[in-house]
Amino acid sequence: MSVRGRLLLRPVAAVLLRVARRRLHRALARTLDEWAGQWNARLPELTAMDRTRLTRALLGDP
């Protein structure tokens with residue numbers, strides 16, 4: 001793609017991002033809330049572990 005072609009895509013991308021801004025923001029916020037909920041649900045279990053088990057749990061070692 002030439003430099004000339006990219007210049008044509010910039011205004012289109014800007015308009016699409018402006019139109020989809022709220023939807024993207026809501027999706028990102030919802031995903032972060034879900035991750036925070038999962039982390040909060042697992043945190044008591046993790047804090048009860050000793051150092052070795054915690055390391056294995058966080059790194060995914062068997």
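The values are calculated or read from the model by the stated rules, or taken from the named source; none is laboratory data. These numbers come from a predicted model, not from an experiment. Here Cβ is always computed from backbone atoms with ideal geometry, including for glycine, and neighbour counts include all displayed protein chains. When the accessible area is computed, the model is the full protein with side chains, heavy atoms only, and any ligands, DNA or RNA have been set aside. Shrake-Rupley method; radii C 1.70, N 1.55, O 1.52, S 1.80 Å.
For segment 5-31, filtered to residues that are open to solvent by less than 90 Å² (accessible area, probe 1.4 Å) and within 30 Å of Leu58 (Cα to Cα), the residue that is nearest to the chain's Cα centre (by Cα) is Thr31. Which of the following residues is of a type in the set (Asp, Glu), part of a helix (DSSP H, G or I) and touching a helix residue (DSSP H, G or I) at 6+ places or on another chain (Cβ under 9 Å): Glu34, Glu45? The unique qualifying residue is Glu45.
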